[in-house]
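Asks: Have a look at this one before I ask anything.
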There are 4 protein chains.
Amino acid sequence: MAELRLRLADFASARDWGRYHTPKNLVAALSVEASELLEIFQWLTPEQSSRVMEDAATAHRVEDEVADVLAYLLQFCEVLGIDPLTALAAKIERNETRFPVPDRTDSRLRHSSE
Amino acid sequence: MAELRLRLADFASARDWGRYHTPKNLVAALSVEASELLEIFQWLTPEQSSRVMEDAATAHRVEDEVADVLAYLLQFCEVLGIDPLTALAAKIERNETRFPVPDRTDSRLRHSSE
Amino acid sequence: MAELRLRLADFASARDWGRYHTPKNLVAALSVEASELLEIFQWLTPEQSSRVMEDAATAHRVEDEVADVLAYLLQFCEVLGIDPLTALAAKIERNETRFPVPDRTDSRLRHSSE
Amino acid sequence: MAELRLRLADFASARDWGRYHTPKNLVAALSVEASELLEIFQWLTPEQSSRVMEDAATAHRVEDEVADVLAYLLQFCEVLGIDPLTALAAKIERNETRFPVPDRTDSRLRHSSE
């Protein structure tokens with residue numbers, strides 16, 4: 001991922017796109033790309049949505065939009081000096097405390113003793 | 001990143017959230033999180049948007065939303081069997097062909113010879 | 001609707017919010033509000049999504065987000081001098097040509113003659 | 001607006017699109033269209049964003065996306081039985097209480113007495 005971040009930064013600077021790459025513009029672009037990914041699924045049933053990769057053209061479109069979302073997320077992180085993997089690891093730890101795994105053994109015991 | 005994907009998958013399955021995690025629902029959640037990140041920037045000037053990390057509370061909020069976007073992107077890729085880094089590498093290669101670096105030396109020469 | 005546009009304009013100018021209301025900021029806010037509406041539905045099945053108005057608290061939340069989306073849409077139109085109803089009428093006319101109603105009588109006749 | 005809601009409902013039912021028009025699908029489409037409107041502005045400076053209507057092609061694109069956003073908002077309201085203008089009027093009233101107009105005379109007096 002570090003290598004891809006570097007390639008994206010080189011790509012933008014070689015084309016002199018840096019002045020467009022404010023955090024505000026990059027996050028707008030990120031949200032636009034996430035919506036383009038959503039667009040592929042908007043009229044599908046939940047079941048159809050699970051089978052999008054079976055059609056080669058749709059699969060390619062999905063992968064292409066995933067790449068765009070990740071590209072803008074990495075560029076956004078780059079200009080603000082954020083490490084997205086560190087941010088995610090910290091979030092998962094907070095969530096493990098916030099949403100504890102329901103203790104099924106216990107709840108089953110409680111039910112049987114009622 | 002592979003390790004974080006695994007932890008996210010374990011986290012969801014331990015809480016029995018798998019049935020909510022259709023590709024359609026995950027991409028809707030991804031797009032909602034990208035908008036929550038955008039919300040932090042919506043009234044800022046371009047200059048203010050470049051300084052969001054100077055305020056500790058805002059910096060934390062930005063990192064938290066980045067984590068959410070990445071979490072849903074990875075979970076979406078997980079359920080569809082997509083490797084996001086491979087997808088991004090392929091996209092960068094296509095873009096390097098699609099948007100060639102403007103040849104500045106050449107264009108300067110052309111201008112001077114006119 | 002004209003009256004509501006006027007009230008929204010008065011509301012913003014009384015609070016000196018005009019300088020934040022660039023078209024770019026208003027469209028970002030519009031898209032953020034549309035996502036907040038989507039957030040209410042993101043984990044629901046299609047069937048559950050059809051019953052959201054049965055719960056008073058959720059119904060209120062849905063109406064509130066609908067109001068936010070419409071408010072930003074009208075303010076965006078206001079600053080750019082767009083009449084949204086005229087734009088919609090023109091679009092419907094174009095779509096009636098673009099997506100003609102399938103001629104069912106004809107197709108039924110064709111089927112019966114096969 | 002009531003007339004446009006009716007035309008939209010007729011348009012969808014003539015094409016047998018009703019089964020796609022769950023509230024969840026319509027709100028996803030609304031959010032996708034709001035993002036397509038945002039896409040027009042994503043790389044513009046605030047000043048450029050105020051001048052988008054000066055170029056005929058861009059103006060047409062903006063009006064077209066405004067029509068799409070309004071169309072999906074009205075169809076969403078239609079299937080859930082929401083009156084968007086009533087919802088907006090109620091919201092404006094709540095906001096007038098929530099964000100009172102700053103009393104400038106008073107604040108000026110206070111400043112001068114310090």
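Asks: In debye, nearest 20: dipole of the protein assembly as shown around its Cα centre with unit charges on the Cβ of K, R (+) and D, E (-)?
Replies: 0 debye
Asks: Quick one: with label points 7 Å out along Cα→Cβ, list the inter-copy distances for B:Asp16 in nm, shortest first?
Replies: 4.0, 5.6, 6.1
Asks: Anyone know which of B:Glu47, B:Glu36, B:Glu78 comes out most mobile in the 10 Å Cα GNM of chain B?
Replies: Looking only at B:Glu47, B:Glu36, B:Glu78, the biggest GNM fluctuation is shown by B:Glu47.
Asks: Rounded to the nearest 0.05, what FRET efficiency do C:Thr86 and B:Glu47 give with R0 = 30 Å and r taken as the Cβ-Cβ distance? Could you check?
Replies: 0.25
Asks: Follow-up. Taking a point 7 Å out from Cα toward Cβ as the label site, list the nm distances between D:Pro46 and the same residue in every other copy, smallest first.
Replies: Here the equivalent label points are 1.2, 4.5, 4.5 nm apart from this one.
Asks: Using protein heavy atoms only (no ligands, DNA or RNA), what is the total accessible area buried between B and C, 1.4 Å probe, nearest 100 Å²?
Replies: Interface area, both chains combined: 1300 Å², rounded to the nearest 100.
Asks: What's the FRET efficiency of D:Asp16 with B:Ala2 using the Cβ-Cβ distance as r and R₀ = 56 Å, to the nearest 0.05?
Replies: 0.80
Asks: Now for a different question. Using a 10 Å cut-off around each Cβ of peptide B:46-54, what is the average number of partner chain Cβ atoms that fall inside?
Replies: Across the residues of B:46-54, the mean count of other-chain Cβ atoms within 10 Å is 4.
Asks: Here is a further query. Quote the relative contact order of chain B in percent (integer), defining contacts as alpha-carbon pairs under 8 Å separated by 6+ residues.
Replies: 34 percent
Asks: Okay, moving on. When the accessible area of the protein assembly as shown is split by element with a 1.4 Å probe, what percent falls to carbon and sulfur?
Replies: In the protein assembly as shown, the share of accessible area belonging to carbon and sulfur is 51 percent.
Asks: Please give the Cα centre distance for the range C:36-81 versus the range D:30-60, rounded to the nearest Å.
Replies: If we compute the Cα centre of each part, the gap is 23 Å.
Asks: What residues of the range B:81-95 lose no less than 30 Å² of accessible area with every protein chain in place versus their chain by itself (probe 1.4 Å, heavy atoms only)?
Replies: By number: B:Ile82, B:Leu85, B:Ala87, B:Leu88, B:Lys91, B:Ile92, B:Arg94.
Asks: Measuring nothing but label to label, 7 Å from Cα along Cα→Cβ, what are B:Pro102's distances to the other copies in nm, shortest first?
Replies: Copy-to-copy label distances at B:Pro102, shortest first: 4.3, 5.0, 6.0 nm.
Asks: Quote the charge dipole size of chain B about the Cα centre in Debye, to the nearest 20; the model charges only the Cβ of Lys and Arg (+1) and of Asp and Glu (-1).
Replies: In total the dipole reaches around 420 debye.
Asks: Quick check for you: with a 1.4 Å probe and neighbouring chains kept, what is the accessible area per residue of chain D, in Å²?
Replies: With all protein chains present, chain D gives 50 Å² per residue.
Asks: If the limit is 29 Å between Cα atoms, which of A:Lys91/C:Lys24; C:Lys24/D:Lys24; B:Lys91/C:Lys91; B:Lys24/D:Lys91; D:Lys24/D:Lys91 go over it?
Replies: A:Lys91/C:Lys24; B:Lys91/C:Lys91; B:Lys24/D:Lys91
Asks: With springs only between Cα atoms under 10 Å, which of B:Val101, B:Val66, B:Val52 fluctuates most in a Gaussian network model of chain B?
Replies: Between B:Val101, B:Val66, B:Val52, it is B:Val101 that shows the largest mean-square fluctuation.
Asks: What is the residue of chain C with the smallest Cβ distance to the axis taking C onto B, and what is that distance in whole Å?
Replies: That would be C:Ser35, 2, residue then distance in Å.
The values are calculated or read from the model by the stated rules, or taken from the named source; none is laboratory data. Only a predicted model underlies this, so the values are computations on that prediction, with no experimental measurement involved. Because the Cβ atoms are built from the backbone with ideal geometry, glycine has one as well, and the counts that use them run over all protein chains shown. Ligands, DNA and RNA are excluded from the accessible area calculation, which covers all protein heavy atoms including side chains. Shrake-Rupley method; radii C 1.70, N 1.55, O 1.52, S 1.80 Å.
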